[in-house]
Structures are given as structure tokens and as C-alpha cells.
Amino acid sequence: MGEVSFKSKINFVSGAEFNRFNRFQSHFVPSCLLSKKYVKIADNFYTEGVRTCSAGGFINTKKRQAVGFHFIDDRRWFDVYSKDILNHIFELINPDKCLLLGGKNLEKFSFSMEQFEYLKDFIGKRVEQLTIFEEHLFPLSETNLRYSINDDTWNINTIYKDKQSIYAEEHTLMTPEELKRCFKNVVISPDDELGFHN
């Protein structure tokens, strides 16, 4: 394994670029973790279809350990399982970095932003470096995430439709201008660097 800088690279990529990685060599993080036994330390992990959910990953830079998460925005699930899972992750790797992404402000999914705000506060009080992509602004948008500890790189694929119709043209976030249109709040940790790759 090569030297890891831990100035994480965060690349917004096309769907083809996201899909070219061998998923069979990556740990898949499901959206509904029902027990802390499903939490895995992994060199590579990915999760897909982040819409109203909150997702991302924790990194311990000294131990070179990473754990991905994807929390479904269901209040009953969150109240029963989330604190146990979060506490387990912190005991497992004691992270000093985190990327948190997700949430939508939709009436039908009213717990979405409440969950995101809780996670942002909980993580922000415990993790030194936190990068945030907060609140998908387009109702018809979703994000896929992949992290590799080997080159300390996030590949993020965000798809959106800027018109409220399933027949509207689908776009992929590939520029800083689109990033501003797609997320309400973006905070890049000083230890991370942002890029856009076709």
C-alpha cells in the first residue's frame, strides 16, 4: 500500500467513473443497519441511492481505518438503532475525520433534515475534521459514495433532475457551479481537497 496523505481527495465523478471500480472488492454499506455487528472496518466501501437518508464515512488517519455509514431517515429505526451503532463506530476506530452527506427538505420525509442536523451536531462535537454536503436541493436527486483508504479518495456521483418530472432530463453534478445548485450547504474540511472528474 502506498503512502497515504490523509488530505482526502473528494472527487465528484460521472456514473461511468463511479461504476468502473470493482464492487466485489469493496464493502457495501446498506441503508438500514439493524445491528452493530453489520458495522465493518474496510479498506474500500461504497453505498448507493442516498436521497433523503444521511451517509458518509469515518476515518482514523493514524490507524488507517475507515467505516462507512448510511442511515435511513426513519424515526423509529433511528431511535432504536442509531445511537448504539454510532457509539460502536467511535469505540471501534475512534475517528478523527468524517464526511457527512444527505438529507432533503421534503414534507413527505419530514425526519430527513432533523436526522441530518442531529448527526452533524453529534459528529461535529466528536470529530476534529468534518466535511459536509448538506441537503439535496432538487427533489429528484440522489448520490452514490465510494471511499478507498488506499489512496484516501472519495468518489461521489450525484444525479439530479432540475424539473419535477420523472421524464425530465437527468444531469450529473460535475462542476463547482452545479455543486452550489445541488446542495444547500457545503463545508470542506481544511484536510480535504475538492475536485471534479469527467
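Every read-out reported here was derived from the displayed coordinates using simple, explicitly stated rules and does not represent laboratory data. Keep in mind that this is a model prediction, so the values were computed, not measured. Counting neighbours? That spans all protein chains shown, and the Cβs are built from the backbone with ideal geometry, glycine included.
Is the shape of segment 101-198 rounded, prolate or oblate, going by the alpha carbon gyration tensor and its root eigenvalues a ≥ b ≥ c, with a/c under 1.5 for rounded and a/b larger than b/c for prolate? The shape class here is oblate. Look at the Cα gyration tensor of the chain: its axes a ≥ b ≥ c give a/c of at least 1.5 with a/b at or below b/c, and that counts as oblate.
LEU140 sits among other residues whose Cβ lies under 14 Å from its own Cβ, and their net charge, with Lys and Arg +1 and Asp and Glu -1, is +2.
Projecting the Cα atoms of CYS32, ALA16, PHE133 onto the charge dipole of the chain, computed from C-beta unit charges around the Cα centre, puts CYS32 farthest toward the positive end. Taking amide H atoms as placed 1.01 Å from N in the peptide plane, the amide H of THR61 lies under 5 Å from those of ASP96, LYS97, each 5 or more residues away in sequence or on another chain. Of all DSSP beta bridges confined to the chain, the antiparallel ones make up roughly 65%.
State whether segment 1-116 is rounded, prolate or oblate according to the following rule on the C-alpha gyration tensor (a ≥ b ≥ c being the square roots of its eigenvalues): a/c under 1.5 gives rounded; otherwise a/b larger than b/c gives prolate, and the remaining case gives oblate. Oblate shape, in that a/c is at least 1.5 and b/c is the bigger or equal ratio.
If you put +1 on each Lys and Arg Cβ and -1 on each Asp and Glu Cβ, how big is the dipole of segment 8-197 around its Cα centre, in Debye rounded to 20?
Details: 25 positive and 27 negative charges, 98 e Å.
Here the size comes out at about 480 debye.
Rounded to the nearest 500, what is the chain's calculated 222 nm mean residue ellipticity when only DSSP H runs of at least 4 contribute -39500 (n - 2.57) each, over all residues?
On the way: 4 runs with 37 residues, N = 198.
Dividing the helical sum by the residues of the chain leaves -5500 deg cm²/dmol.
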